[in-house]
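So the structure is just underneath, and the comments pick up after that.
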Amino acid sequence: MSALTGSLTDRDSWSEHRCSAARALEVLGTPSNLFVLREAFYGTTYFNDFVRHTPLSAPATAKRLRELVEVGLLRRTPYQAPGQRTRDRYELTEPGQELLIAYFALMEWGDRHATPGTEGGPVRLRHRDCDAPVHVELSCSDGHMLAPSELEVVPAPGLSQSEAADSSLRQPPPVRNSSRQRPGDVDRFHS
């Protein structure tokens, strides 16, 4: 698996209080938000279609859509069909689109490990141009494909030596459920 290097090797000397993965899960909120995001990844934009394609009730779907708009993963755009009242269309924002890779990595993992004795879920990814199966893989910025054993975990530019040594940072702050965001809360993408 990946190895800690440099000042990170003393695991008791620093804290993951700013853990990006934990913060991402906080932004995602409830697991049922993944049902809504899945449908958005598949091109669903209308409320009734989200209700029809997820196992959620209409009120639960409305709440999930509202939460995903509040955290900036979806954008609500009004539209009006001829002769109809104005309704909202839900579209992925740029941060929402970037989650697609993480979602498909979870899907691929689920196909291999969470559905024993089956061939996995109902869909597969395929490259539109050559028809080959698509897999989520790790690569470095130079394009090398990596196995987990080839990874090193290094200090991020924002982790100073004094921060790494500050014992008060060893205890992570409590994680709030993103569905309980209050006015004045910090934007999770830009904090």
* Structure fact -> Checked pairs for the range 112-124, first more than 19 Å from residue 42 (Cβ to Cβ), second at pLDDT below 85, C-beta under 6 Å and 6 or more apart or across chains, list as none
* Structure fact -> Those residues of the range 122-133 which are part of a loop (DSSP other than H, G, I, E, B) and either of a type in the set (Lys, Arg) or over 19 Å from the mean Cα position of the chain (by Cα) (or both) amount to 122, 123, 124, 127, 128, 129, 130, 131, 132
* To do: Any chance you could count how many residues in the range 58-107 are among the charged types (D, E, K, R), under 17 Å from residue 29 (Cα atoms) and free of Cβ contacts under 8 Å to residues at least 60 places away in the same chain?
  => 4
* Structure fact -> Filtering helices (runs of 4 or more DSSP H) wholly in the range 16-117 for at least 1 residues that are closer than 28 Å to residue 155 by Cα and open to solvent by 60 Å² or more (accessible area, probe 1.4 Å) gives 20-28, 94-109
* Structure fact -> Quick count over the range 135-153, residues being touching a residue at least 12 places away in the same chain (Cβ under 8 Å) and either within 22 Å of residue 98 (Cβ to Cβ) or open to solvent by less than 50 Å² (accessible area, probe 1.4 Å) (or both), is 6
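The values are calculated or read from the model by the stated rules, or taken from the named source; none is laboratory data. None of these values were measured; they are calculated from a predicted model. Please note: Cβ atoms are built from the backbone with ideal geometry, for glycine as well, and neighbour counts cover all protein chains shown. Please note that ligands, DNA and RNA were not included when accessible areas were found on the heavy atoms of the full protein model with its side chains. Shrake-Rupley method; radii C 1.70, N 1.55, O 1.52, S 1.80 Å.
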